[in-house]
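All remarks here apply to the structure that follows.
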Amino acid sequence: MNWKTLAEKVLAGGNATREEALAVLESPDDDLLVLLDAAFAVRRRFFGRGVALHVIQNAQSGLCSEDCAYCSQSSAAEGSIERYRLQSVGEIVQGAHAAHRLDALRYCVVISGRAPPDKTVEKICEAVRQIKREVPLQICTSLGLLDKDQARQLKQAGVDRYNHNLETSERFFDSICTTHTYADRVATARVVKAAGMELCSGGLLGMGETFQDRVDLAFALREAGADSIPVNFLDPRPGTPLAGRQRLSPSDCLRALILFRLVNSDREIRMAGGREACLGPMQVLGLFAANSMFTNGYLTTPGQGLAADRVMIESAGFQVTSITQA
Ligand code: SF4
C-alpha cells in the first residue's frame, strides 16, 4: 500500500475504503513513520499544528447500574474508586474556572449512570448557564442516554457538544455490555445531532475486539456524523472484568489514531484515556494524527499533568489551541 497516495486521495476529498483502513491496522512497524507522515498531512490541512486541550470534571462518580466491562464505575466492578452523587452547581462552576486556568479549550462535565433523571439535567443546565456567563470555554456534557427534551434543554442552556461513545463495533458491543445496547447508543447520538449540538463520540480500544471491529467503529462514527472522536486505549482497571487484559502496544495505538484520522479526515481526533499508560514515551507521535487531548487526568485515573503535556506539545512543534483560535 502506498500511504502517501492514500493521504493524497483523502486530501482531494476522497474517502479511505474499509480495505485501506484495515491495511493501516495490519501494516508492519517499518511502515509506521510513513503512515504517521500521511496522517499528519491530513491533520495539518484541517487543524494545522494546534492541539485542543480538554479538561474532564467527574461530576458524579461510581454507583452506576450498568455493566460496561471496562468501567470502574460500573455495578460489575469491585475496585476501590471514589464514589459520590452529583456535585453542586458551585463545584461544577469552580471546575470550569480551574479548567480555564489550565488553558483548556473545552470543559467536559461527565456523570456516571445509564441516563440522567430530569432533575440532574436541570442542575447541569443551571451550571452551564453560569459557566457561560463567567468563563470563556466550550462546554461538553456526557450524561448517558438522552431523550429529545433533555437534549433540547441542554442545547438551550448553552451546551456546545455532547459526548456519547459508541465504544466499539456493533458486532462486539454485546461482549462488553449487556444492560444497554449498541442501538441505544446510536439513538442518543442521533438525538444529539437533531438537537443541534456537536456530537463527540468515539470508543475504547484493546478490549479484545478485532481489527475489523476497529474499522467498523471508525466508519460507524463517520456515518453518525461525529464531530469529535475520542480514541481511548484500555488501561485495565483493577476489579473490572477486563482487569487481566494486556495493554495495546504503542504501535497499535498509533496505527489506530492514524486509522481514525484517515477515515474521519476533518474531524477532531482526540488521543484520550490510556494515552500515558499505553503509549508511554511514544505518545508525542500520536499528535501527528490526533489534534486534541485531555490534560490533567481522566475520570478515575490521573494523567501526566499539564506541565508535562505542555513540554511534549511544544517540544514537538505543536501549539495549544486557544479559545479565540477555535
Ligand atoms: S454507563 Fe458509563 S458510568 Fe455506567 S458502567 Fe457504563 S461507562 Fe461506566
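Derivation of every value follows stated rules applied to the coordinates shown; laboratory data play no part. This is a predicted model, so every value here is computed, not measured. When we count neighbours, we look across all protein chains shown, and the Cβ atoms used for this are built from the backbone with ideal geometry, even at glycine.
For the chain, the dipole from Cβ point charges (+1 on Lys and Arg, -1 on Asp and Glu) about the Cα centre works out to 840 debye, to the nearest 20.
Only DSSP H runs of four or more residues enter the estimate; each adds -39500 (n - 2.57), and after division by the residues of the chain the mean residue ellipticity at 222 nm equals -12500 deg cm²/dmol.
Put the Cα centre of region 28-67 next to the Cα centre of region 121-174 and the gap is 20 Å. Rg/Rh for the chain stands at 0.94; both radii use Cα atoms, and Rh follows the Kirkwood definition. Fully extending the segment from HIS97 to GLN304 would add 72.5 nm, taking 0.36 nm per residue of separation and subtracting the current Cα-Cα distance.
Taking only C-alpha pairs under 8 Å that are 6+ residues apart, what is the relative contact order of the chain in percent?
Numbers: 646 pairs, mean separation 74.2, N = 326.
Relative CO of the chain lands at 23 percent.
Using Cα pairs under 8 angstrom and six or more residues apart, how large is the relative contact order of region 261-326, in percent?
Numbers: 51 pairs, mean separation 17.3, N = 66.
Relative contact order, region 261-326: 26 percent.
Sequentially through region 217-227, phi angles give Karplus couplings (6.51, -1.76, 1.60; θ = phi - 60°) of 4, 4, 6, 5, 6, 5, 5, 6, x, 4, 8 Hz, Gly and Pro residues having no value and appearing as x.
The angle separating the long axis of helix 32-47 from the principal Cα axis of greatest extent in the chain is about 50 degrees. Applying a DSSP loop filter and a limit of 16 other Cβ atoms within 10 Å to the trypsin sites (Lys or Arg not before Pro) in region 238-326 leaves ARG245. Cα centroid separation, region 261-326 to region 185-225: 20 Å.
Looking only at region 16-320, where both bridge partners belong to it, what percent of the DSSP beta bridges are antiparallel (to the nearest 5)? Walk me through the numbers before you get to the answer.
Details: 1 of 33 bridges.
Just about 5 percent of them are antiparallel.
Between amide H atoms placed 1.01 Å from N, distances below 5 Å from GLN57 occur with CYS108, VAL109, VAL110, all of them 5 or more places distant or on a separate chain. Largest GNM mean-square fluctuation among PRO241, PRO116, PRO302, using the chain with Cα springs under 10 Å: PRO302.
Cross-link partners of LYS119 among aspartates and glutamates, defined as those whose alpha carbon lies under 14 angstrom from its own and excluding same-chain residues fewer than eight positions apart: ASP147, ASP149. Karplus-based coupling profile of region 184-201, in residue order and whole Hz: 4, 5, 5, 4, 5, 4, 5, 4, 4, 5, 5, 7, x, 8, 5, 9, 9, 8, with θ = phi - 60° in 6.51 cos²θ - 1.76 cosθ + 1.60 and x standing for Gly or Pro. Of all lysines in the structure, the ones whose alpha carbon falls short of 18 Å from that of LYS193, not counting any fewer than 8 places away in one chain, are LYS148, LYS155.
Against the chain, whose longest principal axis is taken from its Cα atoms, helix 148-157 shows a tilt of about 90°.
Taking the C-alpha atoms only, the angle from helix 89-101 to the longest principal axis of the chain is near 30 degrees.
Highest first, please rank the peptides 184-197, 100-113 by the mean number of other Cβ atoms sitting within 10 Å of their residues. Let's see the in-between values first.
Working: 184-197: 19.0, 100-113: 21.2.
Per-residue mean Cβ counts within 10 Å order the peptides as 100-113, 184-197.
Evaluating 6.51 cos²θ - 1.76 cosθ + 1.60 at θ = phi - 60° for every residue in region 299-306, the Karplus couplings come out as 5, 10, 10, x, x, 7, x, 4 Hz, glycine and proline recorded as x.
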